[in-house]
Amino acid sequence: MIDLHTHTTASDGRCAPGELVARAAAAGVTVLAVTDHDTVGACEAAAAACAAAGVTFVTGIEITAMRVDRDVHVLGYFLDVAAPGLHTFLSEQRRQRLDRLRQMVAKLATLGIELDAEKILQPAVEDPKKSAGRPWIARALVDGGHVATTDEAFDRWLTRGKPAFVPRLGASPAEVIARIHDANGVASLAHPALVGHDEWIEGLVSEGLDALEAYHSEHDSAATARYVAMASGLGVAVSGGSDFHGDPTHGPRQPGVVSLPRAEYERLVQLQSARAGHTGQV
C-alpha cells in the first residue's frame, strides 16, 4: 500500500508521528507521506519512525492556497525541508492561521460562546512548527459541550456562511506551486473533487502543477476515473492517499484505505529526480 496523504499532531491530525507510522505499518502501508497543513514539522520524527518500521518515507506537505474565495490545497512531495525560502513562506502561512483562529474565537464570543483562545492555540504558540486549524476550535466546542461532534461545530459555526467563519488569507496557487518547486518538490492538487472547480485545473497545470490527486478517500470510483483521465489528457502525473487524520469524525479510520498504484508512485519519483537533476542538486 502507498499512502501519500496523512496528517499528524503537527497540524490537524490526532496521531503523533510515531503513532501514525505504527498505525500505517500495521495496516500494511509500505510507502508513507506525512502531508501536514503548512508545516513540515513532523517529517523528521516520522522519517525516523518509518526507518525503524521498514516503511519508505516521503517528505510531504499540504499547503493552502486561495483562488477567488476558495481554498485550493496543494500537496508537495519529496521536499527539501531545509530550503530557506520554504521555511520563511510557511512561517507566514502559520502566522496567518493563528490570526484567523483568534478572530473566529472572538466572533464566537459575540454569539455567547466563550472559548479560551490562548489555550486552544497554545500548542502552536509553544511550538511554532505546529500549524493551527479550525478543527482545534471544533474540538474545543465539543469539549465545552456546545456541540456534540466536530462535524456539528463546522456545520453550525465554522464553515463559509456560518456565524463564526472568517475568510482565509493565503498565497495564490501559482505561488504555492513555485514554492514547492523551489524546494525541489513535486506539486499535486489535493482532492480536486472537493475543490469543485475542474475548469481551473488546466490553468493550474500551465502554472506548473505536476499531478492530480485522483485517488482519495472522498473520491468515488467515477471521480477517480475522471481525474486519472484528466491527468493523462493534460500530461501530468497522479497522486493519491487516504487523508487520514486519526479522528473518527473526520476522514477514514486508518491510513492505507486508499492506495496509490505503484506505477503512479514511480512516476512521481521520476518527476522529482528530473527536477533535482535540472537544478543540479543530488
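One residue alone among E218, E199 is over 28 Å from H87 (Cα atoms), among the charged types (D, E, K, R) and in a helix (DSSP H, G or I), and that residue is E199.
Number of residues in the range 40-54 that are more than 15 Å from H5 (Cβ to Cβ) and either touching a residue at least 40 places away in the same chain (Cβ under 8 Å) or aliphatic (A, V, I, L, M) (or both) equals 8. Selection over the range 202-214 of residues that are open to solvent by less than 50 Å² (accessible area, probe 1.4 Å), touching a residue at least 12 places away in the same chain (Cβ under 8 Å) and either more than 24 Å from S273 (Cα to Cα) or among the acidic types (D, E) (or both) gives a count of 2.
Yes or no, residue by residue, for (1) assigned to a helix (DSSP H, G or I); (2) surrounded by 13 or more Cβ atoms within 10 Å (Cβ to Cβ); (3) hydrophobic (A, V, I, L, M, F, W, C):
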site	(1), (2), (3)
Q122	yes, yes, no
K129	no, yes, no
I137	yes, yes, yes
E152	yes, yes, no
G161	no, no, no
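Restricting attention to the range 235-245, the residues that are assigned to a loop (DSSP other than H, G, I, E, B) and either touching a His at 6+ places or on another chain (Cβ under 6 Å) or open to solvent by less than 20 Å² (accessible area, probe 1.4 Å) (or both) total 4.
Checking S217, S232 one by one, the residue that is open to solvent by 60 Å² or more (accessible area, probe 1.4 Å), among the polar types (S, T, N, Q) and either farther than 25 Å from A27 by Cβ or free of Cβ contacts under 8 Å to residues at least 60 places away in the same chain (or both) is S232 and no other.
So which residues in the range 109-120 are within 19 Å of P167 (Cβ to Cβ) and buried (at least 16 other Cβ atoms within 10 Å of the Cβ)? Selection gives A117 alone.
For A223, indicate whether it is assigned to a helix (DSSP H, G or I), over 19 Å from G60 (Cβ atoms) and open to solvent by 30 Å² or more (accessible area, probe 1.4 Å). No.
Within the range 97-108, not a single residue is open to solvent by 20 Å² or more (accessible area, probe 1.4 Å), in a loop (DSSP other than H, G, I, E, B) and either touching a residue at least 12 places away in the same chain (Cβ under 8 Å) or farther than 15 Å from I137 by Cα (or both). Within the range 23-57, if we keep just the residues that are touching a Pro at 6+ places or on another chain (Cβ under 6 Å) and in a loop (DSSP other than H, G, I, E, B), the residue that is surrounded by the fewest Cβ atoms within 10 Å (Cβ to Cβ) turns out to be A27.
Scanning the range 164-191 for residues that are open to solvent by less than 10 Å² (accessible area, probe 1.4 Å) and among the hydroxyl-bearing types (S, T, Y) yields one hit, S188.
Residues of the range 58-79 that are in a strand (DSSP E or B), open to solvent by less than 30 Å² (accessible area, probe 1.4 Å) and either among the aliphatic types (A, V, I, L, M) or out of contact with any strand residue (DSSP E or B) (no Cβ under 8 Å at 6 or more places or on another chain) (or both): V58, I61, I63, A65, M66, V72, V74, L75.
The values are calculated or read from the model by the stated rules, or taken from the named source; none is laboratory data. For clarity, every value in this text was computed on a predicted model and none was experimentally measured. Quick reminder, even Gly has a Cβ in these numbers, built from the backbone with ideal geometry, and neighbours come from all protein chains shown. Just the protein is used for accessible areas: all its heavy atoms, side chains included, with ligands, DNA and RNA removed. Shrake-Rupley method; radii C 1.70, N 1.55, O 1.52, S 1.80 Å.
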